[in-house]
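Beneath this line is the structure, given in structure tokens, with notes to follow.
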Amino acid sequence: MGLLRFATAGSVDDGKSTLIGRLLYDTKSIFQDQLDSIEATSIQMGNDYTNLALLTDGLRAEREQGITIDVAYRYFATPKRKFIIADTPGHVQYTRNMVTGSSRADLVLILIDGRHGMTEQTRRHAFLTSLLRIPHVVVCVNKMDLIDYDEQAFEAVKKEFQNFAMKLEIPDLTFIPMSALHGDNVVSRSPNMEWYQGSSLLHHLEQLHTASDRNHIDARFPVQYVIRPQSGEYHDYRGYAGTVVGGVFKVGDEVLILPSGLTSTVASLESFDGPVSEAFGPMAITMRLTGDIDISRGDMICRPNNRPQSSRYVQSMICWMSEKLEFEPGMKLAIKHSTKSSRVIVADLQYRINLETLHREMNPDSLALNEIGRASLQTTEPLFFDEYRRNRNTGSFILIDEATNATVAAGIIVGSGV
Amino acid sequence: MSITAYELSHLDTLEAESIHIFREVAAEFERPCLMFSGGKDSLVMLHLASKAFWPARLPFPIIHIDTGHNFPEVLEFRDQVIEKLGARLLVASVQQSIDDGKVVEETGPRASRNRLQITTLLDAIEEHRFDALFGGARRDEEKARSKERVYSFRDNFGQWNPKNQRPELWNLYNGRINQGEHIRIFPISNWTEVDVWQYIRREKIVIPNIYFAHNRQVFSRDGMWLADSEYVTRTEDEKVLTRKIRYRTIGDMSCTGAVDSDAETIEQIIEEVSATRITERGETRADDITSETSMEDRKKEGYF
Ligand SMILES: Nc1nc2c(ncn2[C@@H]2O[C@H](COP(=O)(O)OP(=O)(O)OP(=O)(O)O)[C@@H](O)[C@H]2O)c(=O)[nH]1
Ligand SMILES: [Mg+2]
């Protein structure tokens with residue numbers, strides 16, 4: 001099996017970093033000098049035990065405050081699989097960093113303190129996880145050691161989450177009771193919870209099937225860069241470099257190029273290592289086409305009978321990330337979608353999501369930091385997109401404030417039109 | 001064919017992600033440049049860049065921040081590699097910065113030019129008006145690096161602000177900057193040391209011979225074997241002896257430690273690296289061991 005990317009989520013102090021530390025520790029993925037250093041820091045900070053959260057909380061400010069501020073990436077491997085972990089912050093102020101860490105995840109671990117159940121922040125993260133359409137979610141009911149490893153308590157939190165999740169779209173949902181601090185059900189099944197019949201977290205991560213999460217149907221190749229060597233041997237060479245973000249392209253396939261609408265045939269699929277007969281996501285390849293067509297960065301290569309939507313009007317969910325600026329109708333921003341950069345004007349802000357109840361608050365004036373709402377945008381040039389639910393690559397975008405160059409929103413396309 | 005067959009191995013996935021980043025930068029920036037040290041990570045970077053633009057040449061120059069304290073084997077190797085690629089090499093010299101009075105050489109037995117390179121690097125960026133600099137840093141190397149974005153924004157002073165990094169969503173990178181600012185780009189952020197070695201083996205990337213076990217005149221300092229060279233002043237107690245060692249990382253001769261090793265082939269190196277209980281920087285970099293937050297502090301000043 002290939003790579004699995006997963007992220008942590010959940011309220012502040014519910015044990016995300018501790019869990020990652022425990023997972024690394026129990027899989028022997030921690031080096032001796034790292035351990036020595038966090039032991040020394042733990043003693044210095046007056047902890048009674050080695051604080052495994054220090055493995056990911058590496059910034060000075062994080063250690064001073066005892067919280068995670070920004071995403072830490074960690075890596076480990078078992079004989080079965082390689083893992084990329086994004087440990088994200090629970091604090092509401094840093095929600096955008098949670099979105100950063102989970103945007104590319106195959107799976108999200110949502111931690112909940114078994115003593116307290118869900119908080120507003122758990123709900124916010126659960127909602128974001130479903131908005132980002134993370135295909136797999138594991139709810140880790142943590143700190144079971146503080147509630148006598150009680151099955152009823154676990155069931156109560158599970159029920160609470162399930163009730164909330166009914167309003168969300170989470171295709172694959174699993175619950176595991178655990179103690180991140182002591183390692184119960186992290187790497188192996190805990191003797192303290194005989195009543196729990198499921199797998200340990202690690203076992204679950206190792207076995208998870210992700211191959212079908214990718215869209216292998218809609219062939220999409222956004223042109224990223226045009227390769228023109230202009231040197232002797234390759235004088236007339238013209239190749240379209242990019243990353244396949246959906247479907248499969250084969251040599252000989254008839255293709256359609258947007259925005260021109262012209263058609264051509266895949267003459268070859270090339271790489272430094274030689275030609276390949278087919279290309280699929282996420283391969284980074286160079287495509288050559290028959291005929292002489294003018295194609296440049298930002299164009300989209302697809303199949304004539306299966307094209308993305310092409311429109312200057314997109315309906316989207318906006319996750320606002322600026323503390324300095326509010327998102328409001330009439331606002332102009334830069335947009336980056338796929339390999340295309342353009343500008344947008346906010347045509348309409350339809351509603352804001354109340355993260356407590358998931359109710360829609362209609363026609364709000366604006367979205368503030370960490371608020372989520374639905375808006376229609378008008379772009380200066382047509383975008384070639386799919387709904388995010390069909391394709392995470394062609395269905396996502398970022399918005400950039402042109403004055404400060406800050407990334408101010410994550411956008412998810414839910415449709416076209418005004 | 002079943003759909004599940006369309007899956008890439010982990011090395012292919014990492015390679016594709018890195019190539020995507022190289023191309024994105026070449027497409028969006030005006031004056032990118034690749035920082036090259038001659039070490040394994042920068043060799044993997046060069047290899048990935050060659051793949052990204054093949055059959056064209058690299059659309060950017062290579063820069064080496066020459067501390068003047070390099071391993072001679074590595075300098076020689078650097079020139080061969082660059083010539084073979086037909087790439088353009090720029091050298092920014094720390095000695096020059098010292099001669100120009102921009103920085104002052106440290107003194108004492110632990111003097112190092114590690115910190116001085118920051119000035120040389122930032123001056124070179126300003127001189128050449130680079131807007132994007134590729135670096136071979138990996139997130140598994142160090143705890144501050146584990147927090148850094150792939151596109152790491154640097155202000156007018158070249159500083160990294162870890163408390164206010166731009167959100168980085170999906171693989172949509174925001175490369176917008178104002179004049180005088182730049183972005184450090186880390187295409188192999190998600191690679192581990194073992195990934196790098198496995199890739200070197202798979203791709204048959206040629207590496208400097210000091211990565212393989214050899215006999216060398218060394219002395220012990222702070223639990224590390226340092227090469228006896230004109231760049232370090234030994235104290236009386238620091239006796240030179242010959243040991244069979246290899247380098248796990250390549251930095252300055254004055255502060256890069258060697259490890260005891262019998263690994264003479266890439267296979268043996270992979271075995272050794274897979275079994276080790278100490279991180280590469282912890283084992284071999286005197287500059288990182290000085291304090292708990294030395295990397296974070298240096299990065300805030302503009303370090304690689
Ligand atoms: N008793 C007990 N304490 C735990 C457990 N997991 C975490 N803790 C403690 O809870 C506190 C917070 O843990 P962290 O891992 O830093 O929490 P976090 O979710 O990463 O917090 P943020 O990243 O700041 O949102 C620490 O004091 C941990 O030792 C557990 O399973 N049992
Ligand atoms: Mg944390």
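Being more than 8 Å from chain B (Cβ to nearest Cβ), buried (at least 24 other Cβ atoms within 10 Å of the Cβ) and either within 10 Å of ligand 1 (Cβ to nearest atom) or farther than 15 Å from B:Gln165 by Cβ (or both) is not true of A:Ala86. I'd like the residue in the stretch A:25-57 that is closer than 24 Å to B:Leu14 by Cα and surrounded by 22 or more Cβ atoms within 10 Å (Cβ to Cβ) and, out of all such residues, is farthest from ligand 2 (Cβ to nearest atom). Ranking the candidates gives A:Leu55 first. Being within 12 Å of ligand 1 (Cβ to nearest atom), assigned to a loop (DSSP other than H, G, I, E, B) and touching a residue at least 24 places away in the same chain (Cβ under 8 Å) is the requirement here; does A:Asp14 meet it? Yes; evaluated as a whole, the condition is true for this residue. Do we find a residue being more than 16 Å from ligand 1 (Cβ to nearest atom), charged (D, E, K, R) and assigned to a loop (DSSP other than H, G, I, E, B) anywhere in the stretch A:93-104? Yes, the stretch A:93-104 contains at least one residue that is more than 16 Å from ligand 1 (Cβ to nearest atom), charged (D, E, K, R) and assigned to a loop (DSSP other than H, G, I, E, B). Looking across the stretch A:373-400, the residues that are more than 14 Å from chain B (Cβ to nearest Cβ), crowded, with 21+ Cβ neighbours inside 10 Å and not small (Gly, Ala, Ser) come down to A:Leu377, A:Phe384. If you go through the stretch B:211-246 and pick out every residue that is at pLDDT below 90 and in contact with a helix residue (DSSP H, G or I) (Cβ under 7 Å, 6 or more places away or on another chain), you end up with 2.
A:Asp145 - would you say it is within 16 Å of ligand 1 (Cβ to nearest atom) and among the charged types (D, E, K, R)? Taking the combined requirement at face value, the residue satisfies it. Does A:Val99 count as buried (at least 24 other Cβ atoms within 10 Å of the Cβ), more than 17 Å from B:Pro162 (Cβ to Cβ), at the interface with chain B (Cβ under 10 Å from one of its Cβ atoms) and in contact with a helix residue (DSSP H, G or I) (Cβ under 9 Å, 6 or more places away or on another chain)? The answer is yes for A:Val99. Counted as qualifying within the stretch A:310-418 are the strands (runs of 3 or more DSSP E) with 3 or more residues that are polar (S, T, N, Q), namely A:340-353, A:372-385.
Does at least one position in the stretch A:41-57 carry a residue that is under 14 Å from B:Thr279 (Cα atoms), more than 31 Å from the chain's Cα centre (by Cα) and more than 7 Å from every other protein chain (Cβ to nearest Cβ)? For the stretch A:41-57, residues under 14 Å from B:Thr279 (Cα atoms), more than 31 Å from the chain's Cα centre (by Cα) and more than 7 Å from every other protein chain (Cβ to nearest Cβ): absent.
Of all residues in the stretch B:82-102, those that are modelled with pLDDT of 90 or more, farther than 13 Å from B:Gly38 by Cα and assigned to a helix (DSSP H, G or I) total 2. For the structure I just gave you, tell me whether A:Ile176 is crowded, with 16+ Cβ neighbours inside 10 Å, modelled with pLDDT under 95 and more than 16 Å from ligand 2 (Cβ to nearest atom). For A:Ile176, the condition - crowded, with 16+ Cβ neighbours inside 10 Å, modelled with pLDDT under 95 and more than 16 Å from ligand 2 (Cβ to nearest atom) - is not met. Among the conditions (1) within 12 Å of ligand 1 (Cβ to nearest atom); (2) farther than 18 Å from A:Val12 by Cβ; (3) β-branched (Val, Ile, Thr); (4) facing chain B (nearest Cβ under 9 Å), A:Val71 misses just one, which is (2). Put simply, of B:Thr276, B:Thr265 the only residue that is in contact with a strand residue (DSSP E or B) (Cβ under 9 Å, 6 or more places away or on another chain) and closer than 25 Å to A:Ser29 by Cα is B:Thr276.
Within the stretch A:287-308, track down each residue that is part of a strand (DSSP E or B) and either out of contact with any Pro (no Cβ under 9 Å at 6 or more places or on another chain) or modelled with pLDDT under 95 (or both). Answer for the stretch A:287-308, where residues must be part of a strand (DSSP E or B) and either out of contact with any Pro (no Cβ under 9 Å at 6 or more places or on another chain) or modelled with pLDDT under 95 (or both): A:Met287, A:Arg288, A:Leu289, A:Arg303, A:Asn306.
Restricting attention to the stretch A:125-146 and to residues that are within 16 Å of ligand 2 (Cβ to nearest atom) and more than 15 Å from A:Leu173 (Cα to Cα), the residue that is nearest to the chain's Cα centre (by Cα) turns out to be A:Asn142.
In the stretch B:37-55, the residues that are among the β-branched types (Val, Ile, Thr) form Cβ pairs under 8 Å with partners that are assigned to a helix (DSSP H, G or I), at six or more places apart or across chains, as follows: B:Val44/B:Val196; B:Val44/B:Tyr199; B:Val44/B:Ile200.
Close Cβ contacts (under 8 Å, 6 or more residues apart or on different chains) running from residues in the stretch A:135-150 that are surrounded by fewer than 23 Cβ atoms within 10 Å (Cβ to Cβ) to residues that are among the β-branched types (Val, Ile, Thr) and in a loop (DSSP other than H, G, I, E, B) comprise A:Pro135/A:Thr210. Please work out if A:Ala368 is surrounded by 18 or more Cβ atoms within 10 Å (Cβ to Cβ) and at pLDDT 95 or above. No: the conditions fail for A:Ala368. For A:Cys302, state whether it is buried (at least 19 other Cβ atoms within 10 Å of the Cβ), within 14 Å of chain B (Cβ to nearest Cβ) and touching a residue at least 40 places away in the same chain (Cβ under 8 Å). Against the criterion (buried (at least 19 other Cβ atoms within 10 Å of the Cβ), within 14 Å of chain B (Cβ to nearest Cβ) and touching a residue at least 40 places away in the same chain (Cβ under 8 Å)), A:Cys302 does not qualify.
For every residue, the table says whether it meets (1) modelled with pLDDT of 90 or more; (2) among the acidic types (Asp, Glu).
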position	(1), (2)
B:His20	yes, no
B:Asp41	yes, yes
B:Ala49	yes, no
B:Pro61	yes, no
B:His69	no, no
B:Val74	no, no
B:Gln80	yes, no
B:Val104	no, no
B:Pro109	no, no
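One residue stands out among those in the stretch A:212-242 that are of a type in the set (Ser, Thr, Tyr) and crowded, with 16+ Cβ neighbours inside 10 Å: the one that is nearest to the other protein chains (Cβ to nearest Cβ), which is A:Tyr225. All told, A:Ala61 falls short of being surrounded by 24 or more Cβ atoms within 10 Å (Cβ to Cβ) and not acidic (Asp, Glu).
Would you mind stating whether A:His209 is in contact (Cβ under 8 Å) with a residue 12 or more places away in the chain and either surrounded by fewer than 20 Cβ atoms within 10 Å (Cβ to Cβ) or not assigned by TED's automatic domain parsing to the domain that holds A:Phe385 (or both)? When the stated conditions are applied, A:His209 does not pass them. Screening the candidates A:Val226, A:Val245, A:Val186, A:Val255 for the property of being closer than 30 Å to A:Arg115 by Cα and in contact (Cβ under 8 Å) with a residue 40 or more places away in the chain yields one hit, A:Val186. In this structure, A:Ala77 does not satisfy being part of a helix (DSSP H, G or I), farther than 18 Å from A:Asp13 by Cα and away from ligand 2 (no atom under 12 Å from the Cβ).
The values are calculated or read from the model by the stated rules, or taken from the named source; none is laboratory data. Because the structure is predicted, anything quoted here is derived from the model rather than measured. Methodologically, a virtual Cβ is constructed for each residue, glycine included, from the backbone with ideal geometry; neighbour enumeration extends over all protein chains shown.
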